[in-house]
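Everything on this sheet refers to the single structure shown next.
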Amino acid sequence: MVFGYWRRKRNSSNDACKKKKLPTSKMEELLIPNHFLCPISLDLMKDPVTLSSGFTYDRSNIEAWLQAGNFTCPVTNQILTSFDLIPNHNIRKMIQDWCVENRNFGIQRIPTPKVPVSPTQVSEVLSNLAASTRSLDLYECLDLAHKIKKWGNESERNRRCIVDNGATAVLASTFDAFATNSFERNANVLEEILSILNWMFPFDVESQIHLGSHNSLRCMLWFLECRDLSSKQNSITALIELLSSDQKHAEALATIEGVNEILFRFIKDPICPKITKASLMVIFYLLSHPSSSENIKSALVEMGMVSLLIEIIIDSENSTCERALGVFDKLCDCEEGREEAYSNALTWPVLVKKILRASEAATDYSVSSIWKLNKYGRKERVLVEVLQVGAFQKLVLLLQLGCVDETKEKATELLKQMNPYRNGLECTESVDFKNLKRSF
């Protein structure tokens, strides 16, 4: 019989290692029967299934083989007469017994796999869900959503099967219907659906229509304001997915009363890093829509967003800093935002310091903000201020290291305008610019 190997480490005690000065571990080899190994991966099988050719494989490996467009048995290369995967219970039980017999070697018994959901089962549940939605049967829809969620939690394969059979659009339609009816009264089913939709990205066009409706958006904002942390996270994640898919959703969201205040509060009084970052992203998308951004910019500036963003940029980790700089750059498009930036003494040192410090996008936003503050406002003051905090050397280094064309153009323009003011004003940071490399 042919065997594979199972290797493990046996740790010696610390005292023994000190006394004998021996290695802290030694390798032992455990023979694994060859028929317990998947012919594709040569790993111990966890969910053995048999093809029409008679050969047994681990389910995940043979599914990947078939999904790649192969129509043959990997071992025999013969064309398969059927793509059915039959669970090999005998081999699975033998593997489990072998694991138990060798548990002293640190081998854990493989769990008995659950039978994957089938397309027929998914279609049946979705059909029932659509029918229950039409009659607004709250409890039946909640039970069916629970079933879909349970299937999805069992395996990634189940999730693919659920999504491939059109679940996203059906769930989005149900969400829209119950949100229109009353999101306060139907909160439980709406929260359950939203938690399922969070592993169904990206949304298809039909799903976007339902989730982008006025009532669906109002419901998600209500979750952000009134429900628990999990619902808040699911809601704002779904909003980001919608806004990133189509800018028309940003225009619809901007018309809902209270959206600016809710998002600002999440940034000013953070409840968790994920929601803070997500709130910054939602604001960024809202500010990117031309028809609604001006009113939002003015409102956010009036709330004190510019100073708050500078504080976040100073103290936050790179991904949050990048998002905050993106919003700051958008606020520099309006006169009120630029005036707030001019009046804050930390604006220039913070923007200059973040060049080549956080990420490529953060560098682009920093340069863009300085360029806008210079171009549309107090040119001489801006140039003097940024020179005094080392902007000239940073921009020269940025051009040497390389950047996107738009940032390159802005940096070059700033350097040309700064050059006449350099004598007696220029400041060099304490870092060694020769050894400075991109941090991303």
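Probing with 1.4 Å while keeping every protein chain in the model, the per residue accessible area of the chain equals 51 Å².
Here are a few candidate values for Cα Rg over 2.2 N^0.38 Å: (1) 1.04; (2) 1.32; (3) 0.99. Which one was actually calculated from the structure I just gave you? Entry (2). Sorted on the mean count of surrounding Cβ atoms within 10 Å across their residues, most packed first, peptides 81-94, 320-333 read 320-333, 81-94. Highest GNM mean-square fluctuation among SER368, SER53, SER135, for the chain modelled with Cα contacts below 10 Å: SER53. Look at where the Cα atoms of segment 189-263 and of segment 31-56 average out, and the two centres are 44 Å apart. Simple rule: put +1 on each Lys or Arg Cβ and -1 on each Asp or Glu Cβ in the chain, find the dipole, and look at PHE36, SER343, LEU51; the Cα lying farthest toward the positive end is PHE36.
With just the Cα atoms defining each centre, how far is segment 331-393 from segment 120-162? Give it in Å. Taking the Cα centre of each part, segment 331-393 and segment 120-162 sit 51 Å apart.
When the surface is traced with a 1.4 Å probe over the full set of protein chains, GLU154 keeps roughly 60 Å² accessible.
Charge tally around ALA238: other residues with Cβ under 12 Å, Lys/Arg +1 each, Asp/Glu -1 each, net -1. Quick one: among LYS149, LYS416, LYS297, which has the greatest mean-square fluctuation in a GNM of the chain with alpha-carbon springs under 10 angstrom? In this elastic network of the chain, the residue with the biggest mean-square fluctuation among LYS149, LYS416, LYS297 is LYS416.
So for the chain, averaging the separation of alpha carbon pairs under 8 Å that are six or more residues apart and normalising by length, what relative contact order in percent results? Please report the intermediate quantities before stating the final value.
Working: 537 pairs, mean separation 29.5, N = 440.
Across the chain, relative contact order equals 7 percent.
Excluding ALA299 itself, what net charge comes from residues whose Cβ is under 12 Å from its Cβ, given Lys and Arg +1 and Asp and Glu -1? Provide the component values of the computation, followed by the final result.
Details: positive: LYS297; negative: GLU257, GLU261, GLU294, GLU302, GLU336.
Neighbourhood net charge equals -4.
Expressed as a whole percent, the accessible surface of the chain that belongs to carbon and sulfur atoms is 50, based on a 1.4 Å probe.
The order of THR76, THR237 by accessible area, most exposed first and with a 1.4 Å probe, is THR76, THR237.
Run the dipole for the chain about the Cα centre, Lys and Arg Cβ at +1, Asp and Glu Cβ at -1, nothing else charged, and hand back the magnitude in debye, nearest 20.
On the way: 52 positive and 54 negative charges, 458 e Å.
The calculated dipole for the chain is roughly 2200 debye.
Taken about its Cα centre, segment 249-331 carries a charge dipole of about 140 debye when Lys and Arg each add +1 at the Cβ and Asp and Glu each add -1 at the Cβ. Here the contact order of segment 322-403, divided by its residue count and restricted to Cα pairs under 8 Å and six or more residues apart, works out to 32 percent.
Among the listed pairs LYS277/LYS410; LYS147/LYS277; LYS268/LYS330, those with a Cα-Cα distance over 23 Å are LYS277/LYS410; LYS147/LYS277. Each helix, a run of at least 4 DSSP H residues, gives -39500 (n - 2.57); summed and divided by the residues of the chain, these come to -19000 deg cm²/dmol at 222 nm.
The values are calculated or read from the model by the stated rules, or taken from the named source; none is laboratory data. Just so you know, these numbers come straight off a predicted model, no measurement behind them. So basically every Cβ, Gly included, is an ideal-geometry build from the backbone, and we count neighbours across all protein chains shown. Accessible surface is based on the protein model in full, side chains and every heavy atom, while ligands, DNA and RNA are left aside. Shrake-Rupley method; radii C 1.70, N 1.55, O 1.52, S 1.80 Å.
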